[in-house]
Each structure stands twice: as C-alpha cells, then as structure tokens.
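Structure first, commentary second.
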Amino acid sequence: MSTIIAPSILAADFAKLKEEVEMVNRSEAEWLHVDIMDGMFVPNLSFGLPVCEAISRYNTKVMDVHLMIEDPGRYIGHFAKAGADYISIHVEASRHLHRDIQLIKSFGCKAGVALNPHTSVNLLEDIASELDYVLIMSVNPGFGGQAFIENTYGKIARLKALLEKAGSKALIQVDGGVNDANAKALVEAGADSLVAGSFVFNSENPVQTIADLKAAMA
C-alpha cells in the first residue's frame, strides 16, 4: 500500500474553503484531514459541526476527522453524521477510551487514537487490537506551522513494534511539521499516512506540492 497523504484543512484559507477542498479533490491526496479544536483540550479553536458538514458536501476524498476536544464521546455521533469516514480521539482526553472507540465503529467509521508528543505508545497496549489507526502528533497540538519533533521517528518504530505484537493492522499516521525533507524517513520508520498542512496550503501550487510529497517518498 502506498503512503496516504492527508492535507490538513486547518491550514487552508477559510475565506476560500470550498475552493481549497476542491483543490484537494483534484490532487493525488487520498484523505482530507479535518482538525476539530475546542479551546479546552488544546489552546485554540478551529471550527465545529456546521463547517464540517459544509466541507463534506464538496469533499470527494476520505474525510479524516481529528477530535482535539475534551470528553470526545459527546460528539462522536454528530461528526459521524457530518460526514466523517475516520475519527480519531486523544487518549489524554477520553475517560472511557474503549467505549469511545466502539462508539466510533458503531456509526460505521474507522476508529483511531491520537497521542500527544509526551504520551507513551505503551498506553495503547490493551486496546491496540481494536484500532484502525493511530495518530502520532509530531508537534504539540493546537496550532499549525510548528517545528517537527525529532523524537517522532523512534516513537513510530516503538508503536509499530507494539502493533505487530498485538496482531493489530492499525495504520500509523503522523501529523505535524511534515514536508518533503522528512516524509521519506517517516515512511521508512513505519508511517502509513502523513498529514501535511502549512507545507501544502502555503505553497504556490498545492496540487504540485502534494505530487512532490508523493515523489519524495518513492
């Protein structure tokens, strides 16, 4: 399986949101990554259900929704109905992680768990077999454009070993500071999906930038 590219709409021009979504549709990206922030779990607000629903109306890619919110179980059903195909929640924010993972699956969505940079992959040992993907944050969540945390490579390798031991086929996704300089090394470490925000949307030709990112991993 080729590595999945998931442009993060958080880095888009919100005044041209429809056009930005359509740009991703034309590109080689497989997924569209949607970051939901509540101003509590992370020190920022992004957008909520009405915008997610609007994105879904124009999006033709897999819609990958990353819930950076406290007590995510309250909103899983709402985001599933708003168009999410994949939903990831933070191990640090869910009081009942297994229950929330099962809730995601009950709506027909793929279920993922996200880990902040300081969070050990070992916390997933008892739930790894239930997961469809794991999102490793390679920056501190809340704001785009941050510098990549170099420890991420080792963390990917540790996670891959844990998943293999558990017999899990979960994908490994990396989010934060991804660009054409580190993409190949991330894939070699074990990443299956790369989220790219500022690197894509701040470029002069985002469609070509996505193609270049694909080429960088070859």
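The values are calculated or read from the model by the stated rules, or taken from the named source; none is laboratory data. The structure displayed is predicted, hence computed values, not measured ones. Glycine gets a Cβ as well: all are built from the backbone with ideal geometry, and neighbour counts include every protein chain shown.
Taking first residues from region 87-105 that are in contact (Cβ under 8 Å) with a residue 24 or more places away in the chain and surrounded by 21 or more Cβ atoms within 10 Å (Cβ to Cβ) and partners that are among the charged types (D, E, K, R) and not in a helix (DSSP H, G or I), the Cβ contacts under 8 Å between residues at least 6 apart in sequence or on separate chains come to I87/K110; S88/D64; A93/E70; A93/D71; I104/K110.
So that you can scan it fast, the table gives a plain yes or no per residue for (1) over 17 Å from the mean Cα position of the chain (by Cα); (2) among the β-branched types (V, I, T):
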site	(1), (2)
I89	no, yes
F107	yes, no
A111	no, no
A114	no, no
T119	no, yes
E130	yes, no
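Within region 58-76, residues that are assigned to a strand (DSSP E or B) and surrounded by 24 or more Cβ atoms within 10 Å (Cβ to Cβ) reach partners that are modelled with pLDDT under 95 and among the polar types (S, T, N, Q) with beta carbons closer than 9 Å, at six or more positions or on different chains, in the pairs M68/N44; M68/S46.
As a summary of the residue check, V178 satisfies the conditions (1) under 18 Å from the mean Cα position of the chain (by Cα); (2) in contact (Cβ under 8 Å) with a residue 40 or more places away in the chain; (3) closer than 22 Å to L103 by Cβ; (4) in a loop (DSSP other than H, G, I, E, B) except for the one numbered (3). Given the criteria of a type outside the set (D, E), surrounded by 20 or more Cβ atoms within 10 Å (Cβ to Cβ), over 17 Å from the mean Cα position of the chain (by Cα) and closer than 29 Å to P50 by Cβ, does L135 qualify? Answer is no for this residue.
Restricting attention to region 183-215, the residues that are buried (at least 21 other Cβ atoms within 10 Å of the Cβ) and assigned to a loop (DSSP other than H, G, I, E, B) add up to 2.
Taking region 184-206 only, how many residues are over 19 Å from the mean Cα position of the chain (by Cα) and touching a residue at least 60 places away in the same chain (Cβ under 8 Å)?
Here the count works out to 0.
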